[in-house]
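Trainee: Below is one structure. I have some questions about it.
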Amino acid sequence: MSLHDLFITPFADFGFMRRALVASLALGLGAGPVGVLLQLRRMSLVGDAMSHAILPGAAIGFLLAGGMSMTAMGLGGIIAGLGVALLSGLVSRLTRLSEDASFASFYLTSLALGVLIVSAHGSNIDLLHVLFGTILAIDTPTLCLMGGVTTVTLCILSVVWRPLVMECVDPGFMRLVGGRGGACHMLFLFLVVLNLVSGFEALGTLMAVGMMMLPAASARLWTRRLWVMMTLAAAIAALSGLGGLLLSFHCRMASGPTIILTCSLFYIFSLVLAPMGLARRLFAPRMKRA
């Protein structure tokens, strides 16, 4: 098999592969930088909780639209995700529970409620699509929506870059100088929910956060410069989408899980060989002693 058959033919011959590739690139460009900020805030598991929190809203949108409508499910997911974020923040401020404990409680409730709604009013196929996504069935309106989410994400990050980064690194300093840390925090949660909803149709609620966190974790092992880290995270996410689609096409595997496993391979590679990975930490002291 030639290189043309391996890398070009799947996208040249099949429209669904081209749409899936564009969807993967859009997801990577938006979710990668947001994932880096999530890690800087030590909120990686909160991102996973938010990906499940959007499920009941998406399920209600599924019911109201009478099927898999990305517009209705996306709007419902945004409302549900922001609702869980607000409730978790409120509970953590009014009780002794920490914010991560509040998120965990609400996301488990949301996940169970969403699965119950979809399973009660839809088929098993609908439930599988909601949980695991259908990236090969992406249509043109959904692509436009995903592209719009990526554009909005990058524009907001460019406009509020300095206060957002400062609030991630040192929220206490933001409060000390009178900065609007609370507003930045809510804006950031909005970006997280928006990108999770964007990845919902392609990768489902169970794996949408993978495109956000795994490339960010890989990029953080290669550099300490924030803008380089974000660029590298977006590039790794895009390459994982390309590699995962090609691997799933030639090996006849499910596309969504294959894309996330490709992200995992990049992470393992970085974990071992990156400048801040295991190899340097294990062998550098021995080389210095020698």
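The values are calculated or read from the model by the stated rules, or taken from the named source; none is laboratory data. Just so it is clear, the model here is predicted, and its values are computed rather than measured. Neighbour counts are summed over all protein chains in view; Cβ atoms, including those assigned to glycine, are modelled from backbone coordinates with ideal geometry. With ligands, DNA and RNA removed, areas are computed over all heavy atoms of the protein, side chains included. Shrake-Rupley method; radii C 1.70, N 1.55, O 1.52, S 1.80 Å.
Trainee: What number, rounded to the nearest 500 deg cm²/dmol, is the helix-based mean residue ellipticity at 222 nm of the chain, given -39500 (n - 2.57) per DSSP H run of at least four residues and division by all its residues?
Mentor: On the way: 15 runs with 239 residues, N = 290.
Helices in the chain give a 222 nm mean residue ellipticity of -27500 deg cm²/dmol.
Trainee: If I model a spin label as a point 7 Å beyond the Cα along the Cα-Cβ vector, how far apart are those points for SER44 and ASP170 in nm?
Mentor: Placing both labels 7 Å along Cα→Cβ, they lie 2.5 nm apart.
Trainee: Next up: How big is the range 18-96 in terms of Cα radius of gyration and Dmax, in angstroms?
Mentor: Rg then Dmax for the range 18-96, in Å: 15.0, 50.
Trainee: So if we plug the beta-carbon distance of PHE14 and CYS144 into 1/(1 + (r/R0)^6) with R0 = 22 Å, what FRET efficiency do we get, rounded to 0.05? Could you put the intermediate results ahead of the total?
Mentor: Values: r = 20 Å, r/R0 = 0.91.
After rounding, the FRET efficiency stands at 0.65.
Trainee: Moving on to the next point. For ARG162 and ALA183 in the same chain, what is the full-extension length gain: residue separation times 0.36 nm, less their Cα-Cα distance, in nm? Intermediate values should be presented prior to the final figure.
Mentor: Values: separation 21, 0.36 × 21 = 7.56 nm, distance 1.35 nm.
The ARG162-ALA183 span can extend by a further 6.2 nm.
Trainee: Of the heavy-atom accessible surface of the chain (probe 1.4 angstrom), what whole percent is carbon and sulfur? Kindly include the intermediate steps, with their values, before the conclusion.
Mentor: Values: 9950 of 14330 Å².
Carbon and sulfur: 69 percent of the exposed surface of the chain.
Trainee: For the pair ARG280 and ALA254, how long in nm is the line joining their label points, each one 7 Å along Cα→Cβ?
Mentor: Taking the two extended label points, one gets 3.6 nm.
Trainee: Treating the beta-carbon of each Lys and Arg as +1 and of each Asp and Glu as -1, no other charges, what is the dipole magnitude of the chain about its Cα centre, to the nearest 20 debye? Mind showing how you got there, number by number?
Mentor: On the way: 18 positive and 10 negative charges, 283 e Å.
Value, rounded to 20: 1360 debye.
Trainee: Another one. Applying 1/(1 + (r/R0)^6) with R0 = 25 Å to the Cβ-Cβ distance of THR151 and VAL228, what FRET efficiency is obtained, to the nearest 0.05? Before the final figure, lay out the partial values.
Mentor: On the way: r = 22 Å, r/R0 = 0.88.
Given R0 = 25 Å and the Cβ-Cβ separation, E is 0.70.
Trainee: Output the relative contact order of the chain, whole-number percent, from Cα pairs under 8 angstrom with separation of 6+ residues.
Mentor: On the way: 434 pairs, mean separation 80.4, N = 290.
The value is 28 percent.
Trainee: Among ALA20, SER158, LEU242, which residue has its Cα furthest toward the positive end of the charge dipole of the chain, with +1 on Lys/Arg Cβ and -1 on Asp/Glu Cβ?
Mentor: Of the options given, the answer is SER158.
Trainee: Among all helices in the chain defined by DSSP H, which have a length of 20 Å or more along the axis from Cα atoms plus a Kyte-Doolittle mean of at least 0.0? Provide the component values of the computation, followed by the final result.
Mentor: On the way: long enough: 15-40 (38 Å, 1.32); 70-94 (35 Å, 1.61); 99-121 (33 Å, 1.09); 140-159 (28 Å, 1.62); 181-207 (32 Å, 1.64); 226-251 (36 Å, 1.76); 255-273 (27 Å, 1.78).
Span-like helices, by this rule, are 15-40, 70-94, 99-121, 140-159, 181-207, 226-251, 255-273.
Trainee: Give me D for the chain in µm² s⁻¹, whole number, from Stokes-Einstein with Rh from the Kirkwood sum over alpha-carbon pairs, 25 °C and 0.890 mPa s. Don't skip to the end; give the middle numbers.
Mentor: Details: Rh = 19.7 Å.
In µm²/s, the coefficient is 125.
Trainee: If you take the square roots of the eigenvalues of the alpha-carbon gyration tensor of the range 17-156 and sort them as a ≥ b ≥ c, do you get rounded (a/c under 1.5), prolate (a/b over b/c) or oblate?
Mentor: oblate
Trainee: A further question on this structure: Residues of the range 1-87: accessible area per residue at 1.4 Å, in Å²?
Mentor: Details: 3600 Å² over 87 residues.
Value for the range 1-87: 41 Å² per residue.
Trainee: Once a ≥ b ≥ c are taken as the square roots of the eigenvalues of the Cα gyration tensor of the range 50-112, is the result rounded (a/c under 1.5), prolate (a/b larger than b/c) or oblate (a/b not larger than b/c)? Can you show the working numbers first?
Mentor: Working: a/c = 3.74, a/b = 2.68, b/c = 1.40.
Taking the square roots of the gyration eigenvalues as a ≥ b ≥ c, the range 50-112 is prolate.
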